[in-house]
1. How many residues does the range A:248-259 contain that are surrounded by 19 or more Cβ atoms within 10 Å (Cβ to Cβ) and at pLDDT below 95?
2. Among the hydrophobic types (A, V, I, L, M, F, W, C), farther than 23 Å from A:Tyr310 by Cβ and part of a loop (DSSP other than H, G, I, E, B): is that true of B:Leu229 in this structure?
3. I need the strands (runs of 3 or more DSSP E) fully contained in the range B:1-79, keeping only those with at least 1 residues that are away from every other protein chain (no Cβ under 14 Å) and closer than 19 Å to B:Ser90 by Cβ.
4. Quick test of your reading of the structure: B:Lys108 fulfils all but one of (1) at pLDDT 95 or above; (2) over 16 Å from the mean Cα position of the chain (by Cα); (3) closer than 21 Å to B:Ser160 by Cβ. Name the failing condition by number.
5. In the range A:198-218, what count of residues is obtained for those that are of a type in the set (A, V, I, L, M, F, W, C) and assigned to a helix (DSSP H, G or I)?
6. Out of all the residues in the range B:125-150, which are crowded, with 16+ Cβ neighbours inside 10 Å and part of a loop (DSSP other than H, G, I, E, B)?
Amino acid sequence: MQNNSTVKNQNNISWESVLELVYDSKIDSVGLKERVSSLATRSIKKDSKLQALNMIVSMCDLTTLEGEDTEGKISQMAAKAINPDPSDGEINSVAAVCVYPALVATAKEKVLNSSVKVAAVSSYFPSGQVPMDSKILDTQYAIEAGADEIDIVINRKAFLEGDYRKVFDEIVALKEVCKDVHLKTILEVGDLKTYENIRKASLISLAAGSDFIKTSTGKLSVGSSREACYVMLKAVLDYKRLTGLSAGIKVAGGIRDSKDAIRYLVLINEEMGDEWLSPDLFRFGASSLLDDVLKQIKKLKTGAYQAGYYFPRG
Amino acid sequence: MIEIKKTFKNYVDGKYVRSESGKTFNIEFKNSLYEVPLTSKKDIRDAVTSSKSGFKKWTSVSPYTKTQILYRLSEMIEGNRDSYIDLLVSSGVSKSNAVKDVNNSIEKIIWFAGLADKWEQLAGNLNPVSGDFFNISHQNPIGVVFSLNKDSNSLYTLLSGILPPLTVGCSVISFSETSSILALKFAEDINNSDIPDGTLNIMSGDFNKVSEDISKHVEINLISLHEELDINELKVIEENASESVKRIKYLPQLEGLSSILPYLETKTVWHPKGT
């Protein structure tokens, strides 16, 4: 591990300037909740709703991260990712499929010749409780297997013990392994507990070279929340002011219906502008969200509420 | 003593809710004017989502336990019989008819409670076929049932739309119009009887305002009409429903075993006779 404090990451940000940002992390949680809930009252209807729903489909990372995942399951999911609703030719493909490293090769083969990317969770997702060498191996394996994007977890043990430097260094090291491969860093906001911690972890991850910061693993009962997303987007904006770089945000865990997802889009649009309304900078990690979005699109087009069994499984 | 008037609400997914639209309509009884929820399209959608999961919960309850739960429902009504009689009288029913109505209702529930673990024997069949096969007509609950109740202040009539589908394992959205007070009161006893949340949702409103969404909703499997509709209105509903092959049945008051048959669908199973 690098202990030299002058070491800089790829974005050329020194540890000192990260520290400065991190220690200036006071958040007015009452004001935050007020702002987020006031944005949740926007009513998005008809044409705008359809546009939003189509956008959500193109921003989805279709995910399966279970011990029971098989090649068959991945191939079923990949088919759905490429063509989420075969009965409607206007529906986009989703952004990516997200799998464990062992299944990257299978996933890559199945989405070949489509716009769908393959994301792999690595660094011993979801706990990340292994030595650094293992995390690097895990990540290297996923990249060699063909992953376009890598989702890692921050070292929550180090973070909660106050060893922010270790958190930073680990991400820097993993970004070095990733090179041009997109790096998404999962903060696991449910473990961080406070908004201040979420802001600190966001800034550390961004400064260390993450291309995306992501709310949750989806393995905790506490998943993403719009408040957590708000804190993270503010950090992304501050980071942009500092470096000129636009990092992305991925929200995951517990976003099950279209209404909730649209509220996230409102939040992003109001606070960050439409630059972020693109799969390159904003993603939903969800398995059940997509089904509800497809149902709602069909409802808007036909006027009839739909049943889940009319859509592909995966 | 201060007189406390009750605000009746819809009963959806085990909770008492107002209409999300905030709209209400009035029902006038002898000494009271009630403001009850005017169910909106979104309320219907929520109720169907809840009924869908309610159906899963209710079908996984064993017939034996269904019997006990329905029996408990009759116990709950028995304990509240005076309040039912008062409400019926206040709606304009004579005292003696009100007493009769509640007594008959309790008996009806007990009869259906008994049927819950017996209807499969009575409605299913082993069919004669020429060949070494068993050919079995296996009866299954049809799924989510939307029931438009008859406009009448009678608990017995209300139960005629609810108990048959419930007994065979369907989940029910029970919709009443001008006589909805009784149904909304009945929801309180459903809540106390261990029927899983979402299995029985009770709503009040104007059927015309929501009929399009109901007839088009793919996840409703059967619409049972206990109130006669205008022929043109029925035609539109039937056309909408045909898109999702939804069944629509006009069901006058049926009694006994024949009352459950509309809520069943038959699965035919062929099985070789083994030796």
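The values are calculated or read from the model by the stated rules, or taken from the named source; none is laboratory data. Here the structure is a predicted model, which means the values were calculated and not measured. Neighbour counts run over all protein chains shown; Cβ positions are idealised from the backbone, glycine included.
1. Here is the first cut: in the range A:248-259, the residues surrounded by 19 or more Cβ atoms within 10 Å (Cβ to Cβ) are A:248-255, A:258.
Next, from what is left, pick out any that are at pLDDT below 95: A:252-255, A:258.
Residues in the range A:248-259 being surrounded by 19 or more Cβ atoms within 10 Å (Cβ to Cβ) and at pLDDT below 95: 5 in total.
2. yes
3. Of the strands (runs of 3 or more DSSP E) lying wholly inside the range B:1-79, those with at least 1 residues that are away from every other protein chain (no Cβ under 14 Å) and closer than 19 Å to B:Ser90 by Cβ span B:24-28, B:33-37.
4. (2)
5. Selection size over the range A:198-218: 6.
6. B:Ile142, B:Gly143, B:Asn149, B:Lys150
One line per residue, one yes/no per condition, for (1) buried (at least 19 other Cβ atoms within 10 Å of the Cβ); (2) within 17 Å of the chain's Cα centre (by Cα); (3) at negative phi:
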{"position": "A:Ala208", "(1), (2), (3)": "yes, yes, yes"}
{"position": "A:Met232", "(1), (2), (3)": "yes, yes, yes"}
{"position": "A:Tyr239", "(1), (2), (3)": "yes, no, yes"}
{"position": "A:Leu265", "(1), (2), (3)": "yes, yes, yes"}
{"position": "A:Trp276", "(1), (2), (3)": "yes, yes, yes"}
{"position": "A:Val293", "(1), (2), (3)": "yes, no, yes"}
{"position": "A:Lys298", "(1), (2), (3)": "yes, no, yes"}
{"position": "A:Gly303", "(1), (2), (3)": "no, no, no"}
{"position": "A:Gly308", "(1), (2), (3)": "no, no, yes"}
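Table: residues versus (1) within 14 Å of chain B (Cβ to nearest Cβ); (2) over 23 Å from A:Ser87 (Cα atoms); (3) modelled with pLDDT of 90 or more.
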position: A:Val266; (1), (2), (3): no, yes, yes
position: A:Met272; (1), (2), (3): no, yes, yes
position: A:Trp276; (1), (2), (3): no, yes, yes
position: A:Ser288; (1), (2), (3): yes, no, no
position: A:Lys295; (1), (2), (3): yes, no, yes
position: A:Tyr305; (1), (2), (3): yes, no, no
position: A:Tyr310; (1), (2), (3): yes, no, no
position: A:Arg313; (1), (2), (3): no, no, no
